[in-house]
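Colleague: Below are the structure tokens for one structure; questions will follow.
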Amino acid sequence: MNRRQFILSGLALGTTATLGVNGYQLLNSDDTANSELVLAALLPALLYGALPTAPAESDAAISRTIVAVHDSLAFLPLRQQQELQLLFNLLAKRLGRLALSGHWLPLAELSLPQRLTLFARWRDSYLGVLQQAYHGLRELLFAAYYSQPEHWAALNYTAPRFR
């Protein structure tokens, strides 16, 4: 190895290490904008048929559900919080979205059938991580949506009365 190769190798290694550390920090950032962006795109597909048909009411229900998701995240174990935040960050970034969904476009720009197909692929995937992402998101989002009292009437549910 001559001097030129040594210097170029050192520069390449330093650049790779810097990008790796910054990329890791970017993926593990606690950015709620990423989660709001991903949730706003995925909720209409996951709650297809349960959301109100009027656009204004549907948007309001999605906004309330996003708030309920953020409120409930604090009650999850730290490891699950970190995994969900990583999933939201990956789905908000192009390369992560391409790897997880097979789509280069932002999730909000995908049609509803494409989002439904995405969930079906995750559910039926041979990769346990994608199945875990599907089931985790489904349970979290269903719980956040149906925990709101305005949705109980559609389920014929009445809250228990406590003394």
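Read-outs throughout are calculated quantities, based only on the coordinates presented, and are distinct from any laboratory measurement. Note that the structure is a prediction, hence the values are computed from the model and not measured. Using ideal geometry, Cβ is built from the backbone for each residue, glycine included, and neighbour counts are taken over all protein chains shown.
Colleague: With unit charges on the beta carbon (Lys/Arg positive, Asp/Glu negative), name the residue among Leu95, Ala40, Leu140 whose Cα is farthest towards the positive pole of the charge dipole of the stretch 31-150.
Modeller: The residue sitting farthest along the positive end of the dipole is Leu95.
Colleague: Exactly which chymotrypsin sites (Phe, Trp or Tyr not before Pro) in the stretch 101-156 are in a DSSP loop and have at most 15 other Cβ atoms within 10 Å?
Modeller: Answer by residue number: Trp104, Tyr126, Trp152.
Colleague: Counting only the backbone N, which residues of the stretch 64-81 are under 16 Å from the spot 7 Å out from the Cα of Ala40 toward its beta-carbon?
Modeller: Of the residues in the stretch 64-81, 64-70 have backbone N under 16 Å from the label point off Ala40.
Colleague: Right, something else. Report the label-to-label distance for Gln81 and Leu155 in nanometres (one decimal), using points 7 Å from each Cα along the Cα→Cβ vector.
Modeller: Reported label-point gap for Gln81 and Leu155 is 2.5 nm.
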